[in-house]
Amino acid sequence: MTDTLARDAAPDLSISPAPAAEAGAPKRLFIKTYGCQMNVYDSERMADVLRPLGYAPTDTPDDADFVILNTCHIREKAAEKVYSELGKLRELKEEKARASGAAMTIAVAGCVAQAEGEEIMRRQPAVDLVVGPQAYHQLPELLTRTARARGERIGADFAAVDKFDALSADGAAARGVDGPTAFLTVQEGCDKFCTFCVVPYTRGAEWSRPVADILAEARALADKGVREVTLLGQNVNAYDGLDSAGNASTLARLAYALAEIPGIQRIRYTTSHPNDMSDDLIAAHGDLDALMPYLHLPVQSGSDRILRLMNRKHGRQKYFDLIDRIRAARPDMALSGDFIVGFPGETDRDFEDTLDLVRRVNYASAFSFIYSPRPGTPAATMAAQVPAEVAKARLHALQALLLEQQVAFNAAQAGRTFDVLFQKKGRHGRQAIGRSPYLQSVHVEDADHLIGRLVPVEIVSGQQNSLTGRLKIGAA
Ligand code: SAH
Ligand code: SF4
Ligand code: F3S
């Protein structure tokens, strides 16, 4: 299912020089992003590579010259959304052409582009370009080619390394930033092959960026006022990029190096696989104040039988032991997770095991999904697919429990004092909204002069989705 793009794209990739910025009216770029944080990062980089061509971002497709849908293939709904959005864009494109003769270029990027490039072209003739997740740095060149011929598909044959090399040339300095927090991709791809998951097919094999490139990007971000970086990877804790001596580094060592950069005050990373939570990373959580005490550590199911069918390569006890070790290193560590209900063959008993695991771990927040069969993955053809009503009922029960834990966790913050990184103005007066160490939104009155800074805040109360706090005397 992955090779359609590779076959078509390979031959003619001699890189013609990117067209120089054209004078005249700025062109408008609208990017709609679906899926995970890595797509958010990639969308920002697409905007960066198009900026020198005169493309300025707009927040509606209505006045856009170029529309990019950066897509997600993880569940059926996510993929189907793309086709309905494309239907609307086609109408807009035709209407614009009729009304003013203006042209609108439509590109589909990301994981649906990778998985079903040919089908997109077939189902929606209004699409001009299909760009796989490893090829967005080729957009400037592709755009000029599209002016001549529709139907370019570029994708899977590019190693992630090409993309990041293109980025690293002047990428770090060219990066746009938006406030004091930023994503930074350090690792891409997945070799784990969980039986339900498309990511190993859409993002390819695990690959880590070199340490020096990441540090350069982080320094550039810090210079632009970024105080918190979230390191991204499909298996971020499998990070093994090369250091300057040519040796494989680790995520822990990367975190220590990042913490040395003046201005970088907080480090997060996501998403981690339990099997890659190494001892040095756990120890780093005990040593490094900059490493936030909040960890997204998906387990997917609490049933050993289902974990085996999922090919997760660990059981529930190993997960519990791991969490004990993490909490021993960092007692205030809070956890989040991902869960799938209704995996083929999941019985009431298996689901009870999941509820039991959730009760034991006690999550600060978590995502849960009904299993969605994905074409080409082993689970899609497994026997005993779970009926939709059963899966729905399990999802409701699980989400009720997770919500209860989230509300309790937020309420338990009342009375505590911790640093909040202020990000933006609130809705009224001089209110500002920031982030706690646990990623909750914190609303504070009379704090809008502190945006961009990390400031101690006393938490007054915790609600379902946010906290209310007040400035400690002397903080301003
Ligand atoms: N690399 C991450 C997850 C990436 S996908 C990890 O290993 O955990 C994000 C989440 O989507 C997964 O954790 C899983 O809970 C969910 N997911 C993936 N494939 C799915 C499918 N076929 N149906 C339902 N949920 C799925
Ligand atoms: Fe998908 Fe599993 Fe890889 Fe995560 S570890 S991206 S769930 S295959
Ligand atoms: Fe979706 Fe691709 Fe991310 S499938 S979750 S956008 S890696």
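Structure values in brief
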item: Test: residue 305 is in a loop (DSSP other than H, G, I, E, B) and either of a type in the set (S, T, N, Q) or touching a residue at least 24 places away in the same chain (Cβ under 8 Å) (or both); result: no
item: Restricting region 417-435 to residues that are more than 17 Å from residue 464 (Cα to Cα) and among the charged types (D, E, K, R), the residue that is most open to solvent (accessible area, probe 1.4 Å); result: 427
item: Residue within region 225-232 that is buried (at least 23 other Cβ atoms within 10 Å of the Cβ), more than 16 Å from ligand 3 (Cβ to nearest atom), assigned to a helix (DSSP H, G or I) and free of Cβ contacts under 8 Å to residues at least 60 places away in the same chain present; result: no
item: Tabulated pairs, region 15-42, first modelled with pLDDT of 70 or more, second open to solvent by 60 Å² or more (accessible area, probe 1.4 Å) and of a type outside the set (Gly, Ala, Ser), C-beta under 7 angstrom, 6+ apart or interchain; result: 28/63; 29/57; 34/81
item: Candidates 266, 305, 253 - the one that is closer than 30 Å to residue 345 by Cβ, among the basic types (Lys, Arg) and modelled with pLDDT of 95 or more; result: 305
item: Meets criteria (at pLDDT 95 or above and farther than 30 Å from residue 190 by Cα) for residue 392; result: no
item: Breaking point among (1) in a helix (DSSP H, G or I); (2) closer than 17 Å to residue 143 by Cβ, for residue 103; result: (1)
item: Test: residue in region 322-339 that is within 16 Å of ligand 1 (Cβ to nearest atom) and without any contact (Cβ under 8 Å) to a residue 40 or more places away in the chain; result: yes
item: Subset of region 192-203 [open to solvent by 20 Å² or more (accessible area, probe 1.4 Å) and either within 18 Å of residue 270 (Cβ to Cβ) or near ligand 2 (Cβ under 6 Å from one of its atoms) (or both)]; result: 192, 193, 197, 199
item: Residues that are of a type in the set (A, V, I, L, M) and open to solvent by 10 Å² or more (accessible area, probe 1.4 Å), drawn from region 24-75; result: 25, 31, 40, 47, 49, 53, 56, 74
item: Odd one out for residue 29 among (1) within 24 Å of residue 190 (Cβ to Cβ); (2) not in a helix (DSSP H, G or I); result: (1)
item: Any hit, region 297-307, residues being open to solvent by 40 Å² or more (accessible area, probe 1.4 Å) and in contact with a Cys (Cβ under 8 Å, 6 or more places away or on another chain); result: no
item: The listed residue being farther than 22 Å from residue 238 by Cα and surrounded by 18 or more Cβ atoms within 10 Å (Cβ to Cβ), out of 343, 339; result: 343
item: Enumeration of residues in region 39-86 that are more than 19 Å from the chain's Cα centre (by Cα), away from ligand 3 (no atom under 16 Å from the Cβ) and either in the same structural domain as residue 339 (by TED's automatic domain parsing) or in a helix (DSSP H, G or I) (or both); result: 49, 50, 51, 52, 53, 61, 62, 63, 84, 86
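The values are calculated or read from the model by the stated rules, or taken from the named source; none is laboratory data. Just so it is clear, the structure is predicted and the values come from calculations on it, not from any experiment. Positions of Cβ are generated from backbone atoms using ideal geometry, with glycine treated the same way; all protein chains shown enter the neighbour counts. Only protein heavy atoms, including side chains, enter the accessible area calculation; ligands, DNA and RNA are left aside. Shrake-Rupley method; radii C 1.70, N 1.55, O 1.52, S 1.80 Å.
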